[in-house]
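A short write-up of the structure that comes next.
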Amino acid sequence: MADSRPPPSSALAHLEGSASGQTYPADRLARLDPVDGRPLLARYDLTAAARTITPRRLAARRTGGMWRWGELLPVRDPVHIVHLGEGSTPLLPAVRLGRALGLDRLLIKCEGLNPTGSFKARGMAAAVSRAAELGAGSFIAPSAGNAGGALAAYGAAAGLPVTVLMPVDAPAANREEALVCGARVVLVEGLISDCGRLSRLVAAETGAFDVSTLAEPYRVEGKKTMGLELAEDLGWKLPDVVVYPTGGGTGLVGMWKAFAELETMGLIGSARPRMVAVQAEGCAPIVRAFAAGADHAEPWEGAATRAGGIRVPSAVGDALILRALRASGGTAVAVGEAEIDAHQRLAGRLGAGYVSPESGAVLAAIADLVARGWIAPDEQVVAFDTGVGHKYPPPPDLPAPPVVPADCDDVERLVALTGGGHEP
Ligand SMILES: *Cc1c(COP(=O)(O)O)cnc(C)c1O
């Protein structure tokens, strides 16, 4: 790390079954709760952490990205931390985009600025670092795209071999990223859930450590740092609404956990943002379960959306996602493909850059919630921009740019082609 001071030491205490409440030792490799197959969550000695995580001390930790929060992360010996710059992403006001969506105070959490171009970097940084510390010798994961690229990058940085199973139609950029980072890539004629099944089979046979979403306890810890950063950046107050594109739900569950930890540590009060899970109409298991008042989500048949990160037909953390949505007074919204495309382009035109289709889905959901009066115009809303658009096939129907010869000297035509100086 750039900072010469060692990162603060972990206050990790034990693991806890998210449904069973059983406790387990934290210092050996763990996956799901052996009692019920549900996620395990990391628990910390928050009294100890609160002694050194104070607003003033945090402000003095100027480098280290998400590892500034080392007390609340699982790695015990900093020598195992694999840091490529993840975390400490900006929370930027989006004035013109906000106005277009009917909001006075829209903020964008710019997660595309993480290494590998998405917030998957945070989760993989935590999971790979911790598993390496506990002796994992190789990694495997199913991925819709960004997780595989991130795992490949962090595995390479840790010097450990990686295998990624991706759907055949995962974006080429993710496949190429994983290959360039030295991972073995296997393409599966199916969905991420099929990749997950095959990944478990290979892991059982080879002993590779499977870092599927919420199937080990530490990716969620990395993603939790998004919630910690929101609190710090907003002066230890949380926004009114957080809108998040939900696939496996790691980020949503992680942020919800972060808020509870911060409250226990006395850094924030009991007020919480209303958490909104955004999915695509073509794959909306959480939205369906939320609307039905269910505690668990049934797998979605025939999942289809261009937003691959949220093309997740079933999530092992479904109960945790639904619990956070309900406890926060939040909701779950499905948006159509045309709306995703339109809002991805709207974000670009109004100054938010080339965001991922998942981020387009978030903006489309905000427009819908404002139109329905669920979000008031003066509420402070944080939209998660979870990744860069560059890694995906472009939104459909982009205009084809005109082509002119290098020696073109028809000035009138050129001026017409360039929009004549962009009259307002
Ligand atoms: C993985 C991914 C998501 C979904 O994140 P979860 O925390 O797994 O729900 C959203 N957007 C992008 C760009 C992703 O890569």
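Once the piece of chain linking residue 234 and residue 206 is laid out straight, how much longer is it, given 0.36 nm per residue of separation minus the C-alpha distance between them? The partial results should precede the final answer.
Numbers: separation 28, 0.36 × 28 = 10.08 nm, distance 4.56 nm.
Length gained between residue 234 and residue 206: 5.5 nm.
Relative contact order of the chain, please, whole-number percent, based on alpha carbon pairs below 8 angstrom and at least 6 residues apart. Present the calculation step by step, with values, prior to reporting the outcome.
Details: 900 pairs, mean separation 68.2, N = 424.
This gives 16 percent for the chain.
Considering only DSSP beta bridges with both partners in the chain, what is the antiparallel share in %, to the nearest 5? Numbers along the way, then the final one.
Values: 13 of 43 bridges.
Counting only bridges with both partners in the chain, antiparallel ones make up about 30 percent.
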Only helical DSSP H runs with n ≥ 4 go in: add -39500 (n - 2.57) per run for the chain, normalise by residue count and round the 222 nm mean residue ellipticity to 500 deg cm²/dmol. -11000 deg cm²/dmol
Difference of contour (0.36 nm per residue) and Cα-Cα distance, residue 397 to residue 104: 102.4 nm
Residue 294 versus residue 80: modelled label distance in nm, points set 7 Å from Cα along the beta carbon direction: 3.7
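Please identify the longest segment of the chain free of exposed trypsin sites (Lys or Arg not before Pro), where exposed means a DSSP state other than H, G, I, E or B and no more than 10 other Cβ atoms within 10 Å. Don't jump to the answer; show the numbers that get you there.
On the way: sites that count: 28, 62, 372.
Longest stretch, sites excluded: 63-371.
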Apply the Karplus curve 6.51 cos²θ - 1.76 cosθ + 1.60, θ = phi - 60°, to the phi angles in segment 63-79 and return the couplings in whole Hz, x for Gly and Pro. 10, x, x, 5, 6, 4, 9, x, 4, 9, 10, x, 7, 8, 10, x, 4
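Subtracting the Cα-Cα distance from 0.36 nm times the residue separation, let me have the gained length for residue 409 to residue 179 in nm, one decimal.
Values: separation 230, 0.36 × 230 = 82.80 nm, distance 4.46 nm.
Full extension from residue 409 to residue 179 adds 78.3 nm.
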Given a Förster distance of 22 angstrom, what is the FRET efficiency for residue 378 paired with residue 349, based on the Cβ-Cβ distance and rounded to 0.05? 0.35
Step through the residues of segment 305-320 one at a time and calculate ³J(HN,Hα) from phi using the Karplus curve (6.51 cos²θ - 1.76 cosθ + 1.60, θ = phi - 60°), rounding each to whole Hz and writing x for Gly and Pro. 6, 5, 7, x, x, 10, 8, 10, x, 8, 10, 5, x, 3, 5, 5
Could you give the nm distance between label points at residue 96 and residue 22, where each point is 7 Å from its Cα heading toward the beta carbon? 5.6
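Where a number appears in this text, it was derived from the coordinates with a stated rule and is not lab data. None of these values were measured; they are calculated from a predicted model. We place every Cβ from the backbone using ideal geometry, glycine too, and count neighbours over all the protein chains shown.
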